[in-house]
Amino acid sequence: MSAHFLDGSEPGVEGLRELVQRALALEGGAAPRRVPGKRIVAVFLNPSLRTRTSLEAAGHMLGVKVITLSPGTDAWALEFGDGAVMDGLTVEHVKDAVSVLSGYGHLLAVRAFAGLTDPEEDRADPVLNAFVQHSRAPVLNLESARWHPLQGIADATSWTRHLGTHLQGQKLTLTWAPHPKALPTAVPNQVLLTAAMMGMDVTVAHPEGFDLDPQVVHRAADLAGHQGGAVHVTHDRQAALKGARVVVAKSWGGWSGYGRREEEARVRAGLSDWMVTEADLFHTRDAGFMHCLPIRRNVVATDGVLDGPSSWAHETAHRRMWTAAAVLERMLGEESPWSA
Ligand code: CP
């Protein structure tokens, strides 16, 4: 088993539950298991507010130095092409950069979003895997083309905090939401995978054409089945909200929308009624509302939902710090993280 943390499944179901409990303990005031002298090199190829800040805050809590770079801005622009003739804008090949950076840190972390132009390329998660291939240190995924495991653990921690440790069979609805542009699927993929690992009864609601990668849906359905849960997919949003304990809203570009994003944009413009409103939450069973943030207010969900008593969005964002600390304790501590 790998010592990396790439899609959040590495600890296994019990390991994930332990991380959640540890994060809740840290949030409740337990003393962090400090690992002074350790270093993390964090490479951000896309912007971040929560992931970057919570990682740095968690590192500070544990006595860890976090060195953050943004290639193309404050570090050399990276080339990813195998055998590329580098006579253009890129200055340093990922092979060289990762080999060097991983020698400076005990952990190498990276954020690299999906390109959204080639489905097979996004499925292959090329930047994350280039880091894994060339790193001498374990790799921590800070959101890749396909997965966002630190967000997944924070989400699972909020589900546990509100619904208890027995999440099996609890109804979670993941609803597609409007947005001015096509967005990557790492977050909805991660919600699906994490909820499936917890054995939840997950319903994905999206308009026609805004499907998730069927490989991800099948994997989640298989996992959920083994944990006493289930995965359903529907275009009927109202039915999907009925009885939900958790509503997660997120926009994404459809898996079948690759290669026809302009047409998708025209369809998307007519889907503003998928915005989550306070009235929608009346159909649920006192559901908590979640969104990973950043969120376009009054496009994805109304101010009333976000600022209302049902919103778990901000508290989950705060939990990103405690959950990052729980993961770093394991990845940098004495005991091996999730490798046997
Ligand atoms: N949810 C999340 O990952 O936020 P950032 O993009 O700000 O890191």
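For segment 49-76, taking the residues that are within 16 Å of the ligand (Cβ to nearest atom) and closer than 21 Å to GLY37 by Cβ, the one that is surrounded by the most Cβ atoms within 10 Å (Cβ to Cβ) is identified as LEU55. Is there a residue being part of a loop (DSSP other than H, G, I, E, B), of a type in the set (S, T, N, Q) and farther than 30 Å from ARG33 by Cβ anywhere in segment 305-325? Checked against the condition, which is being part of a loop (DSSP other than H, G, I, E, B), of a type in the set (S, T, N, Q) and farther than 30 Å from ARG33 by Cβ, segment 305-325 yields at least one hit.
Can you tell me which residue within segment 215-236, out of those that are of a type in the set (D, E, K, R) and either under 23 Å from ARG123 (Cβ atoms) or not assigned by TED's automatic domain parsing to the domain that holds LEU192 (or both), is surrounded by the fewest Cβ atoms within 10 Å (Cβ to Cβ)? Here the answer is ASP222.
When you check ALA195 against the structure, is it more than 16 Å from the ligand (Cβ to nearest atom), within 13 Å of the chain's Cα centre (by Cα) and within 19 Å of VAL233 (Cβ to Cβ), yes or no? It is true that ALA195 is more than 16 Å from the ligand (Cβ to nearest atom), within 13 Å of the chain's Cα centre (by Cα) and within 19 Å of VAL233 (Cβ to Cβ). Within segment 292-304, identify whether any single residue is assigned to a helix (DSSP H, G or I) and more than 16 Å from the ligand (Cβ to nearest atom), and answer yes or no. Yes: segment 292-304 contains one or more residues that are assigned to a helix (DSSP H, G or I) and more than 16 Å from the ligand (Cβ to nearest atom).
Of LEU78, LEU45, LEU26, all but one fail to be in contact with a Pro (Cβ under 9 Å, 6 or more places away or on another chain) and within 19 Å of GLY333 (Cα to Cα); the exception is LEU26.
Based on what the data block shows, is GLU79 in contact with a His (Cβ under 7 Å, 6 or more places away or on another chain), acidic (Asp, Glu) and modelled with pLDDT of 95 or more? In short, yes. Only a single item in (1) touching a Lys or Arg at 6+ places or on another chain (Cβ under 6 Å); (2) in the same structural domain as TRP159 (by TED's automatic domain parsing) is not met by LEU271, and it is number (1). Applying the condition of being hydroxyl-bearing (Ser, Thr, Tyr) and surrounded by fewer than 22 Cβ atoms within 10 Å (Cβ to Cβ) to segment 159-188 and asking which residue is nearest to the ligand (Cβ to nearest atom) yields THR160.
Results for (1) closer than 16 Å to PHE44 by Cα; (2) part of a helix (DSSP H, G or I), shown as yes or no for each residue.
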site	(1), (2)
GLY88	no, no
LEU101	yes, yes
LEU108	yes, no
LEU116	no, no
VAL132	yes, yes
ARG136	no, no
LEU140	yes, no
ALA145	yes, no
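Might you let me know whether segment 251-268 holds any residue that is in a strand (DSSP E or B) and in contact with a strand residue (DSSP E or B) (Cβ under 9 Å, 6 or more places away or on another chain)? No, that holds for no residue.
Residues being free of Cβ contacts under 8 Å to residues at least 40 places away in the same chain, surrounded by fewer than 20 Cβ atoms within 10 Å (Cβ to Cβ) and either under 20 Å from GLU143 (Cβ atoms) or outside the structural domain of PHE44 (by TED's automatic domain parsing) (or both): count how many of those fall in segment 78-117. Total meeting the criteria: 1. One residue stands out among those in segment 37-48 that are within 17 Å of ALA145 (Cα to Cα) and assigned to a loop (DSSP other than H, G, I, E, B): the one that is farthest from the ligand (Cβ to nearest atom), which is LEU45. Screening ALA239, ALA186, ALA244, ALA196 for residues that are farther than 26 Å from GLU14 by Cα and in the same structural domain as ALA301 (by TED's automatic domain parsing) leaves exactly one candidate, ALA239. Only a single criterion out of (1) part of a loop (DSSP other than H, G, I, E, B); (2) farther than 19 Å from SER102 by Cβ; (3) not aliphatic (A, V, I, L, M) is not satisfied by GLU10, namely (2).
Per-residue answers, yes or no, for (1) over 30 Å from VAL66 (Cβ atoms); (2) within 16 Å of the ligand (Cβ to nearest atom); (3) acidic (Asp, Glu):
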residue: VAL231; (1), (2), (3): yes, no, no
residue: ARG245; (1), (2), (3): yes, no, no
residue: SER256; (1), (2), (3): yes, no, no
residue: PHE282; (1), (2), (3): yes, no, no
residue: PRO309; (1), (2), (3): yes, no, no
residue: GLU315; (1), (2), (3): no, yes, yes
residue: GLY333; (1), (2), (3): no, no, no
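The values are calculated or read from the model by the stated rules, or taken from the named source; none is laboratory data. Owing to the predicted nature of the structure, the values given are computational and were not obtained by experimental measurement. Cβ atoms come from the backbone with ideal geometry, glycine included; neighbour counts cover every protein chain shown.
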